[in-house]
Amino acid sequence: MSGKTPGQRDRFLDALRAIALVRVATWHAFGEPTITWVITTMPLMFFIAGSLLFGSYERRSTRQVLASRLRRLLVPFWMFGAVVLTFLSIGHLVSPSSRTGWSPEQLMTWAVPVVDPSASEWEAGWASSPLWYLRAYLWILLLSPLLVAAWRRFGFGVAPVGLGALTIAQIAGERLDAGPGHLVWIVGDLGTYGLFVVLGFAHRDGAFDRLQRRDLVEWTLIASAATAVMWQLAPSDDGVINHSYPTLLAAGTGWIAVAFLARPLIDRALDLTVVSSVVAWMTRRAMSIYLWHSPAIVGAYLLIEQLGVDRSPTIVILLTLVLTALAVTATGWIEDIASRRPAQVWPTRRDRSRGRSASPHRGRRVSIASLLAGGAAALIITATVLPISEAGGTASAREESAGGVALPPPPSGRPDPAAAATAPGATTETVREVRRPDGSAATEESLASLTEAWRSDTGISGVAMAVALPDGRRFVAELGTDGDGSPMSTETARPITSVTKTMTSAVVLRLVEEGRLELDRPLREIPGVGPIPGGEAVTVRQLLDHSSGLAPYQETATYDAGAALTPEEAVAASLSTPLQWAPGTEPGYSNSGFLALGLLAEAATGRSFDALIDEYVIAPAALAATVLDPTPTAGWTGGSAGGVVSTVDDLATWGEALYRDGRVLSEAMLDQMTTIDERLSSGLGTFPICPCRSSGDGTMTPVSYGHNGGSVTVQYSPAHGVVIAAAFSESFWTMSFDQADVYALLEEVRAHVTG
C-alpha cells in the first residue's frame, strides 16, 4: 500500500494532502467545532510528512534532507511574513495604537519559527495563529534524524515517548491554563504529531502493505471506540477535537484507516484529468495555500460586507478560493525557487511529469503574472479594509454583537485563558483578576486611577463611567474630554444608539406578559408595512435574538445614506429584500428587526412607541434624563432600534432596575431575556461578554451581559450584582478603538470593585 517506487511521487498521498488542505480551510472559514471531527487534518498532514520524509532519508544524506526541507519550509514562510508584517506596519502608521503595534522582539519568531509567530492584536490571529503548524513541523524536521534512527532500531517501541509527552502536556496545560505557544503545548504537539510522523515512517517502510480491508475496518472500529472514551476523559471546553490530544490521537489514527479504505475510490478519481490536475497544482503549492488561505477568508468576509451580498457558505467558499488563488499566483513561484525548480506561475500536471526548462522569457512572464495577481489582491484589500477601518457616520449602521464584520473565531488558535477574559464569544472560564496590592476597598479615586491608566494606553480622549454596587454604593469616574471638547460627565445626555434595544426588549416582553404579543407565534407580515419575504414566517423571539434573517435596511438595494427613513420605510425596504437565511437558523445583527418590533408593539397597543417607553421603561426604572427621540436622521433610523437619548447615570440606574432589582420585568421574563443561546451567542436583546461556560442545555453562562451602542455600553455581572455603564469620547466600532478595548476596561473595573 505504499504505492510507489523510489523517486516516484505517491499520487494517493498527494490526494490526501489536497483533501486535508480543503478541510482545514473549511474549518477556518466557518469556525464550527464539529468540522474538526470530520477528517482530522493535522494527523493526516503529519502522517503524509512522515512518509515523504522517510523516503527522502532513503535517498539522501541527512544534511541534504534537512537543507532541502528547511528551504521549502522557510522561504515561502519568509515571503508570507514579509507581506504580513509590511501590511501590519502600514496599518500601525495609519492608525497607531497598542492594538496595531508589534514589538521588534516578535520579528525573531518570523525569522525562525521555533515558537509560534505572533503579530499585533489587530490581526486577531488570522495571519499568525495557523503558523503553529510550521512551528510544530520545524521541530519535528530538526529532530527527524533522531526519529528515523529510533524507528530503524526500535520500530513502534518509540511510541511510549510520544504518548508520555502528549499525556503530560494535556494534564499540565489544563492545570496551568496554558495559552497558545506555551512550552507544554510545544511538547504536546511534538508528542502527538511525532506519533503520526512515525506512523508515516511505517507506511513508507511497507508496514501498510500487509493490511487487508478487514484489518482496516477493525482498525477504524477500535479507533472510533477509543475516540469516544478519550473525549469523555479529556474533552476540550470549546468542542474542538484538536484541543484534546488523547482524542485527536485516537480519531487521527481512525481517519488514516478510513483514508486507506477509500483508496480505491481516490485512485479512480485521480484517473480523471481534472482531479489529477487540481491535485498536482495543490501539491506544488501546498505551503502557499496553507499560508494564504486564512487572510483570504478575511478578505472574503470583508468583500461580502462591502458588496452587500448574502453571506452564504457557498459565497464564502467561492470568494475564499478566488482570493487564495490570487495570493498563491502572486507568491507561489517562491516554492519553485525554494525547491530549485524553474519558477512557474501556474504549475500543471504536465509540468510535474515532464519537467520544463526555463525559456529566456519565462522569468519575465512569472514576474508580470505575479504583479498582476498581487495588484488584484491589493485592490481588493484597499476596497474592503480601508472603508471598514474608517471612523464615521456609518459605524452605527454596522453595530453587531461581534463588532464590525462578523467573522468566525480566529483559525487554529488554542484558547488563550488570559485573552479570554476580554474576548467576546470565548468559552474558557478563566478570569483575570485585578486586585489592589494592599487589599483595601475600592474608592472613586482608585477606580479613576485604574481607568486613567487604561485611557492612556488606548489613547482616547475621554471616559465617563458609573459603577453601581449591590450594596447601594455608586462609583463615578469622569476623565478627559468628549469629542466636542467638553468635559466628560455622567450627566451629559447623549444618543445611546443600540443600547436602546435593551429598552425595546423590555417593552416587548412586558407586552408578552400582558398577552398582547406572543414570543413564538409565527408572523407572516409586519402590520401596516408588508408581508415577510418569500411567504416565510418569523417570530417575536427571532426578531429579539437577531435570527429572523430580515435584512438590515442599510444593506438593501434602495438604501440611501443621505435619506432620513421612518421606521415604516426602513422596515419596508427590508421586507422588499429576500431573507438572508431561513428564520431561526443563523444569527445576524439587524436594526430592521428591532424597528419591526417597535411597529408590532404600536400595533398591539394602539399607542406610539415613545409612550410605551415612558410607561414600561422610564417610569418603573425612575429614569430622570431619558427620552426617545423619534426623529430619523440621514442614513440612520433610530426609533426602537437606537433612538433613545440618555445619560451614563440613567444607564446605570436602568441596568440596576432591569437586570438586578426586578423593577421592570418579572423573573420569568428576565430569564427569557438573559438566557444566552449557545448557538446564536445571544439572548433577547442581550449579548454576553465572555469568558462563558456551556450549561449543557444549549445555553451558556457569561461573566456579564448587556448591550453596546456607538460609544456607550451598559453591562451587568450576575455573579457579583455589579452594573457598569460607560460612555467614551469616540465610537468603539473602529480599528483604533474597539469592543476588545472596552471589554478589557469592564473586566478590570469589575474585578477591581469586587476584589
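The values are calculated or read from the model by the stated rules, or taken from the named source; none is laboratory data. Just so it is clear, the model here is predicted, and its values are computed rather than measured. Here the Cβ is made from the backbone with ideal geometry for all residues, glycine too, and neighbour counts use every protein chain on show. Areas reflect the complete protein model, heavy atoms only, side chains present, ligands, DNA and RNA absent. Shrake-Rupley method; radii C 1.70, N 1.55, O 1.52, S 1.80 Å.
Observations on the structure shown:
- With every protein chain in place, region 644-755: carbon and sulfur % of accessible area (1.4 Å): 45
- Using only side-chain charges placed at the Cβ, +1 for Lys and Arg and -1 for Asp and Glu, the dipole size of region 653-746 relative to its Cα centre rounds to 60 debye.
- For region 500-548, with +1 on Lys and Arg beta carbons and -1 on Asp and Glu, the positive-most of A506, P522, Q542 along the dipole: A506
- Surface composition of region 218-258: carbon plus sulfur atoms contribute 70% of the solvent-accessible area (1.4 Å probe, protein chains only, all chains present).
- Calculated FRET value between E32 and E491, using beta carbons and R₀ = 60 Å, to 0.05: 0.85
- Dipole in debye (nearest 20) - region 538-602, about Cα centre, beta carbon charges: Lys, Arg +1; Asp, Glu -1: 160
- Solvent-accessible surface of region 203-250, averaged per residue with a 1.4 angstrom probe and all protein chains in place: 53 square angstrom.
- For region 545-578 versus region 126-168, the gap between their alpha-carbon centres in whole angstrom: 54
- Calculated FRET efficiency for the pair E452/S89, C-beta based, R₀ 35 Å, to 0.05: 0.75
- Efficiency of FRET from Cβ geometry, A719 and Q212, R₀ 45 Å, rounded to 0.05: 0.20
- Applying 0.36 nm per residue to the separation of R71 and I168 and subtracting their alpha-carbon distance, the gain on full extension is 31.7 nm.
- Entry comment: accessible area of region 652-698 is 37 Å² per residue, from protein heavy atoms only and a probe of 1.4 Å.
- Inter-label distance, nm, simple model (7 Å from Cα along the C-beta direction), R663/V114: 6.2
- Net charge over other residues, Cβ less than 15 angstrom from the Cβ of P522 (K, R count +1; D, E count -1): -1
- Ordering A223, Y245, L183 by Cα displacement along the dipole of region 170-276 toward the positive end leaves A223 in first place; charges were set at the Cβ atoms of Lys, Arg (+1) and Asp, Glu (-1).
- Heavy atoms of the protein chains alone define the surface here; on that basis region 271-320 has 39 Å² accessible area per residue at 1.4 Å probe size.
- Only Lys, Arg, Asp and Glu carry charge here, each on its Cβ (+1 for the first two, -1 for the last two); on that basis region 623-706 has a dipole of about 140 debye about its Cα centre.
- The residue list V617, L599, G638 was ranked by how far each Cα lies along the charge dipole of region 579-725 toward its positive end, using unit charges on Cβ atoms, and G638 comes out on top.
- Nonpolar atom fraction for region 33-91, defined as the carbon and sulfur part of the 1.4 Å probe accessible area, stands at 68 percent.
- In nm, spacing of pseudo-spin labels at D671 and A582 (7 Å Cα→C-beta vector): 3.0
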